[in-house]
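The next block holds one structure in the form of structure tokens; read it before the comments.
The values are calculated or read from the model by the stated rules, or taken from the named source; none is laboratory data. The shown structure was predicted, so the numbers you read here are calculated from the model rather than taken from an experiment. Cβ placement follows ideal geometry from the backbone for every residue including glycine, while neighbour counts extend to all protein chains displayed. When the accessible area is computed, the model is the full protein with side chains, heavy atoms only, and any ligands, DNA or RNA have been set aside. Shrake-Rupley method; radii C 1.70, N 1.55, O 1.52, S 1.80 Å.
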Amino acid sequence: MDEILSVKDLKKYFKTPKGLLHAVDNVSFSIKRGETLGVVGESGCGKSTLGRTIIGLLESSGGQIFFDEKDITRPSGKDVMVLRKQMQMIFQDPFSSLNPRMSVHDAIAEGMLIHKICSSKEELEKKVEELMDTVGLARRLANSYPHELDGGRRQRIGIARALSLNPSFIVCDEPVSALDVSIQAQILNLMQDLQEERKLTYLFITHNLSVVKHISNEIMVMYLGQVVEKCGSKELFAHTLHPYTKALLSAIPTVDLDDRREQILLKGEISSPINPKPGCRFASRCPYAKETCTKENPKLKEIWPGHFVACHYVEEINNGQEGEK
Ligand code: SF4
């Protein structure tokens, strides 16, 4: 399977009165066509900035982005229009991402009108109806407004808008975290069905590891702008290696009495992403930190085939787990 997106040493820094905020720092990864990469981390880890930089809502501060093997890091005006159709975004809060004065019909039709997708009004009407059917929105809601709908229906409008230009790649930025748990499963199932039908590729951003467990082929864990662990989804849950990922995983509530993990409570202050000091950015909260950790930034290295971890003491912490594989 070929790669649709490849990101190399991507950086996104913001100027602040106190210095440069390193929101995304030297992030590299690729996604195969038709697959999902889950990006996980606490709020402020840079995952949303990463998604927005990839689809061009923010300008990168360094590194490269390749889409379908083409360098799109600084796209020309013509390329921007093409990319807007191929790369779309589903936002976290469907209410604030929708124009309150636009009906469901108009919100779904907007992108197709801007990009002149339809040659007649009839074709546009047909496409809007088809999209409403696809995302499970009753056609009678076409003239409703966002405030008249529940969160699940509003997110279905967001998905229909993203699909309206027939994209191949979608950044899903916490698409279910503002929804009730019962609705979350419906939206996740819908997104999985659409991925299969339309061969979509997702970059799925969330703070919740349990949400991405089933939808992702690979998972990338971020901490303060950097990738700390990346591997296949099953592998991450079976052999968690980085101390930060272990803490994230231990916080997932479970009803399975045989699978109760002891919750790891992280102590210590989160270090500042503004002009970050040398060393591991997790050192101030890591129970295994040693002197080296505060001096040298650990590189992301392949511990097992396809399993990458950024930690100086990963072997020692995991007590020779690699020998068991
Ligand atoms: Fe902890 Fe050091 Fe590993 Fe960072 S490099 S995760 S501080 S042991």
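Does residue 321 qualify as being within 15 Å of the ligand (Cβ to nearest atom) and either open to solvent by 60 Å² or more (accessible area, probe 1.4 Å) or at pLDDT below 95 (or both)? For residue 321, the condition - within 15 Å of the ligand (Cβ to nearest atom) and either open to solvent by 60 Å² or more (accessible area, probe 1.4 Å) or at pLDDT below 95 (or both) - is met. Of everything listed in (1) acidic (Asp, Glu); (2) part of a helix (DSSP H, G or I); (3) closer than 22 Å to residue 53 by Cβ, the single unmet condition for residue 229 is (2). Does any residue of segment 43-63 turn out to be touching a helix residue (DSSP H, G or I) at 6+ places or on another chain (Cβ under 6 Å), farther than 16 Å from residue 224 by Cα, in contact (Cβ under 8 Å) with a residue 12 or more places away in the chain and open to solvent by 20 Å² or more (accessible area, probe 1.4 Å)? Scanning segment 43-63, I find at least one residue that is touching a helix residue (DSSP H, G or I) at 6+ places or on another chain (Cβ under 6 Å), farther than 16 Å from residue 224 by Cα, in contact (Cβ under 8 Å) with a residue 12 or more places away in the chain and open to solvent by 20 Å² or more (accessible area, probe 1.4 Å), so the answer is yes. Taking residues in segment 202-213 that are closer than 18 Å to residue 31 by Cβ, and partners anywhere that are open to solvent by 10 Å² or more (accessible area, probe 1.4 Å) and at pLDDT below 90, the pairs with Cβ atoms closer than 7 Å and at least 6 places apart or on different chains are 206/177.
Looking only at segment 195-206, count every residue that is buried (at least 17 other Cβ atoms within 10 Å of the Cβ) and either touching a Phe, Trp or Tyr at 6+ places or on another chain (Cβ under 6 Å) or more than 14 Å from residue 171 (Cα to Cα) (or both) and tell me the total. Before you say what the answer is, go through the steps one by one.
First, the residues of segment 195-206 that are buried (at least 17 other Cβ atoms within 10 Å of the Cβ): 195, 200-206.
Within this subset, residues satisfying the condition of being either touching a Phe, Trp or Tyr at 6+ places or on another chain (Cβ under 6 Å) or more than 14 Å from residue 171 (Cα to Cα) (or both) are 201.
Selection size over segment 195-206: 1.
So if I check each of 149, 141, 190, which one is free of Cβ contacts under 8 Å to residues at least 40 places away in the same chain, open to solvent by less than 60 Å² (accessible area, probe 1.4 Å) and of a type in the set (A, V, I, L, M, F, W, C)?
After applying the criteria, what remains is 141.
Against the definition (in a helix (DSSP H, G or I) and out of contact with any Pro (no Cβ under 6 Å at 6 or more places or on another chain)), how does residue 73 come out, yes or no? No; evaluated as a whole, the condition is false for this residue. Only one of these conditions is not met by residue 313: (1) modelled with pLDDT under 95; (2) more than 14 Å from residue 226 (Cβ to Cβ). Which number is it? Looking at each condition in turn, residue 313 falls short on (1). When we screen 265, 257, 249 for residues that are modelled with pLDDT of 80 or more and more than 10 Å from the ligand (Cβ to nearest atom), the only hit is 249.
So for segment 8-15 (the condition being farther than 22 Å from residue 164 by Cα, among the hydrophobic types (A, V, I, L, M, F, W, C) and open to solvent by 70 Å² or more (accessible area, probe 1.4 Å)), does at least one residue qualify? Yes: one or more hits. Restricting the first member to segment 279-306 and to residues that are among the aromatic types (Phe, Trp, Tyr), and the second to residues that are more than 8 Å from the ligand (Cβ to nearest atom), the beta-carbon pairs closer than 7 Å and six or more apart or on different chains are 282/223; 304/322; 304/325.
In the set (1) open to solvent by less than 30 Å² (accessible area, probe 1.4 Å); (2) touching a Phe, Trp or Tyr at 6+ places or on another chain (Cβ under 7 Å), the condition left unmet by residue 135 is number (2).
Candidates in segment 193-232 are the residues that are of a type in the set (S, T, N, Q) and more than 30 Å from residue 21 (Cβ to Cβ); of these, the one that is farthest from the chain's Cα centre (by Cα) is 195.
Kindly indicate the residue of segment 77-103 that is touching an Asp or Glu at 6+ places or on another chain (Cβ under 9 Å) and closer than 16 Å to residue 137 by Cβ and also least open to solvent (accessible area, probe 1.4 Å) among those meeting that condition.
Result: 90.
Set side by side, the residues 35, 110, 123 differ, and just one is surrounded by 16 or more Cβ atoms within 10 Å (Cβ to Cβ), charged (D, E, K, R) and at pLDDT 95 or above, which is 35.
I need the full set of residues from segment 307-318 which are open to solvent by less than 60 Å² (accessible area, probe 1.4 Å) and either without any contact (Cβ under 8 Å) to a residue 40 or more places away in the chain or near the ligand (Cβ under 8 Å from one of its atoms) (or both), in order please. Result: 310, 311, 312, 313, 314, 317.
Report whether or not residue 299 is open to solvent by less than 30 Å² (accessible area, probe 1.4 Å) and either on the phi > 0 side of the Ramachandran plot or at pLDDT 95 or above (or both). Considered against the rule, which asks whether it is open to solvent by less than 30 Å² (accessible area, probe 1.4 Å) and either on the phi > 0 side of the Ramachandran plot or at pLDDT 95 or above (or both), residue 299 comes out as no.
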